[in-house]
Amino acid sequence: MAGAEEDKKMPLLEHLVELRRRLLYSVVAFIIAFIVCFYFAQHMFNFLAAPLAEYFSDAAGRRFIYTDLTEPFFTNVKLGAFGALCVSFPIVAAQLWAFVAPGLYRNERNAFLPFLVATPFMFALGAAFFYYVLLPFAIKFFAGFEQPAGPDVLPVQMENKVGEYIGFVMTLIFAFGLCFELPVLLTLLARVGLVTSAGLASKRRYAIVGVVLVAAVVTPPDVFSQISLAVPLILLYEISIIMAKLVEKKRAAQDAELEADLAEGAEADNPVART
């Protein structure tokens with residue numbers, strides 16, 4: 001197999017200069033995205049708060065509160081950084097790919113490029129799954145602990161703090177988005193031969209324990225959030241096993257085709273075999 005198409009070696013200093021240039025582009029993209037997202041932070045807040053507002057649409061007097069003078073400002077900063085990460089990720093990934101791709105063979109680039117494309121898609125799928133499916137159920141579950149007023153009973157009413165609510169939602173969006181990358185990661189490892197479908201299946205019980213631990217660490221300390229993340233992760237692990245099997249079948253077919261071509265070439269080069 002020939003080397004990379006350019007087939008040239010760059011000195012270490014040139015690699016560092018190229019890396020600095022790619023990092024500079026990424027940082028500039030993040031800063032520009034942050035400025036734009038910070039300007040629209042209130043719209044982002046309203047979007048993230050929409051499920052809660054919809055749940056309490058029939059209740060009068062519901063509101064968000066803040067108990068720290070700087071809380072709304074730093075909440076907008078968090079929203080700006082959150083939006084900037086999402087918006088600038090394709091640019092950052094493209095810069096990373098532009099730095100790594102010249103050192104890869106063509107078949108390696110063709111192998112890795114689909115996983116690079118699938119990464120933001122799976123993150124968006126995980127974030128959307130939490131926001132549109134699980135967040136309304138989570139709000140309904142936690143709001144169910146409210147207590148109406150009665151004789152000799154004080155009411156227990158939920159009043160969400162701005163920073164705590166946004167922190168809760170953003171944490172779970174990132175948690176679900178990152179955890180939905182599991183099939184991409186395991187399929188990539190199967191593609192390069194570091195894991196097998198049989199190995200993943202045999203380690204299923206350990207994977208379930210690991211999933212539960214990850215869900216306990218990355219989600220808020222309540223059983224509902226942990227189960228909401230653990231169950232999809234277990235399903236994604238099973239999907240990863242299926243994807244690994246498909247990768248192995250494809251690789252086996254390619255190996256068989258290569259062996260057949262080599263055998264035909266050896267037979268053509270052997271005069272005894274031709275007679």
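The values are calculated or read from the model by the stated rules, or taken from the named source; none is laboratory data. Just so we're clear, the structure is a prediction, and the values are computed from it rather than from any experiment. When we count neighbours, we look across all protein chains shown, and the Cβ atoms used for this are built from the backbone with ideal geometry, even at glycine.
Can you find a residue that is loosely packed, with under 14 Cβ neighbours inside 10 Å and at pLDDT 85 or above anywhere in segment 169-187?
No, because not a single residue in segment 169-187 is loosely packed, with under 14 Cβ neighbours inside 10 Å and at pLDDT 85 or above.
So, residue 207, is that one surrounded by 13 or more Cβ atoms within 10 Å (Cβ to Cβ) and more than 28 Å from residue 82 (Cα to Cα) or not?
Against the criterion (surrounded by 13 or more Cβ atoms within 10 Å (Cβ to Cβ) and more than 28 Å from residue 82 (Cα to Cα)), residue 207 qualifies.
Of everything in segment 67-94 that's modelled with pLDDT of 90 or more and of a type in the set (Phe, Trp, Tyr), which residue is nearest to residue 172 (Cα to Cα)?
Here the residue is 82.
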